[in-house]
1. Set the bar at 23 Å for Cα to Cα. Now go through LYS2/LYS143; LYS2/LYS156; LYS2/LYS113; LYS113/LYS143; LYS93/LYS143 and name every pair that lies beyond it.
2. Which percent of the accessible area of the range 174-221 is formed by carbon and sulfur heavy atoms (probe 1.4 angstrom)?
3. Restricting things to Cα coordinates, could you compute the convex hull volume per residue of the range 3-101 in Å³?
4. Bin width 10 Å, alpha-carbon pairs only: give the P(r) of the range 182-229 as whole percents, running from 0 to the bin holding the largest distance.
5. For a paramagnetic label modelled at 7 Å from the Cα of LEU236 toward its Cβ, which residues of the range 67-100 fall within the zone defined by backbone nitrogen distances under 12 Å?
6. Can you divide the C-alpha Rg of the range 206-252 by 2.2 N^0.38 Å and report the result to two decimal places?
7. Just the number, please: Stokes-Einstein D of the range 76-146 in µm²/s, Kirkwood Rh from C-alpha pairs, 20 °C, 1.002 mPa s.
8. Build a GNM of the chain with springs between Cα atoms under 10 Å: which of GLN43, GLN203, GLN67 gets the top mean-square fluctuation?
Amino acid sequence: MKTILVTGASSGFGEATARRFALKGWQVIAWARRLDRMEAWRQALPAECAERVHLQCVDIRVADQVQAALADLPVAFQAVDVLLNNAGLASGKDPVHEASMDDWERMIDTNLKGLLYVTRAVSPGMVARRSGHIINIGSIAGKESYPEGNVYNATKFGVDGLTRSMRMDLVRYGIRVSQVCPGMVDTEFSTVRFHGDRAKADQVYQNMAPLTAEDIADMLEYMILAPAHVNIADVLILPTAQASATIVHREG
Ligand code: NDP
Ligand code: 8X3
């Protein structure tokens with residue numbers, strides 16, 4: 001039985017993908033800080049799927065929590081086949097001379113340092129087993145900068161650079177390293193970015209059809225289930241109405 005570890009499994013793409021793989025009969029290790037949110041979707045699964053889901057409350061910004069969670073895994077969950085480095089956030093959208101340094105620290109600590117802590121902890125097992133698949137969630141924001149994106153852009157450009165280098169480090173061990181870079185997806189992302197201002201978040205997706213978390217889970221499922229000799233290395237996935245980070249066609 002295969003095992004996937006999903007970070008950020010309490011919402012958005014992480015939740016959709018964790019649920020998807022649980023329903024496909026995989027063992028799922030689901031990490032996030034909001035255990036209650038993960039417990040809610042786990043309990044809604046058929047019992048035989050729910051029992052294969054192992055939830056852990058982990059703040060990926062804390063290296064000790066990451067290590068302790070892995071050390072606590074039941075034996076049956078210890079061999080991680082797929083690591084989905086998904087947990088991340090934008091915090092704020094302000095010009096560089098006005099932005100909050102707390103927002104900057106939060107994004108750097110989560111999107112870069114957290115992703116690194118998880119990867120450093122999980123990848124040695126993959127190396128020892130000479131197999132595995134690591135998928136990093138990047139963004140169109142890691143391919144193109146945009147005004148007021150500054151530190152979010154920097155973290156996602158960082159993920160892009162890390163993904164390429166990780167692939168080089170791990171290729172000799174038969175480990176696939178991939179990246180998915182979505183454009184606009186309607187999740188809790190914008191509400192988090194605007195510090196809970198739902199009205200401001202809704203404006204982001206006004207008069208256009210954004211992607212959904214299920215669209216991203218479809219892509220991830222395709223990448224993960226591709227034959228072992230196929231690595232879909234880097235995918236930019238946009239809503240049809242989006243042409244670039246800043247060009248969005250809105251009806252009306
Ligand atoms: P959501 O806000 O819906 O989900 C983010 C997830 O990350 C939550 O489960 C949250 O869980 C988790 N998370 C945040 N901080 C931490 C932390 N310190 N430790 C553990 N988990 C954490 O957003 P999305 O699903 O949209 O975002 C997922 C990824 O996709 C992010 O990396 C984001 O940057 C990226 N992305 C999003 C796009 C979009 O338009 N939505 C487009 C391109 C990329 P909890 O709060 O419970 O800890
Ligand atoms: C999220 C997409 O365009 O808001 O990474 O940066 S965007």
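1. Details: LYS2/LYS143 32 Å; LYS2/LYS156 29 Å; LYS2/LYS113 27 Å; LYS113/LYS143 19 Å; LYS93/LYS143 17 Å.
In this structure, LYS2/LYS143; LYS2/LYS156; LYS2/LYS113 lie more than 23 Å apart at Cα.
2. Working: 1030 of 1990 Å².
Roughly 51 percent, rounded to a whole number.
3. Details: hull volume 10.5 nm³, N = 99.
Spread over its residues, the Cα hull of the range 3-101 gives 106 Å³ apiece.
4. 25, 40, 22, 10, 3
5. It comes to no residues whatsoever.
6. Working: Rg = 13.8 Å, N = 47, 2.2 N^0.38 = 9.5 Å.
Cα Rg divided by the expected 2.2 N^0.38 Å: 1.45.
7. Values: Rh = 14.0 Å.
Translational D for this selection: 153 µm²/s.
8. Result for the chain, Cα springs under 10 Å: GLN203 fluctuates most.
The values are calculated or read from the model by the stated rules, or taken from the named source; none is laboratory data. Since the structure is predicted, the reported quantities are computational estimates derived from the model, not experimental observations. Cβ: placed from backbone, ideal geometry, glycine included. Neighbour counts: every protein chain shown. The accessibility values were calculated without ligands, DNA or RNA, using every heavy atom of the protein model including side chains. Shrake-Rupley method; radii C 1.70, N 1.55, O 1.52, S 1.80 Å.
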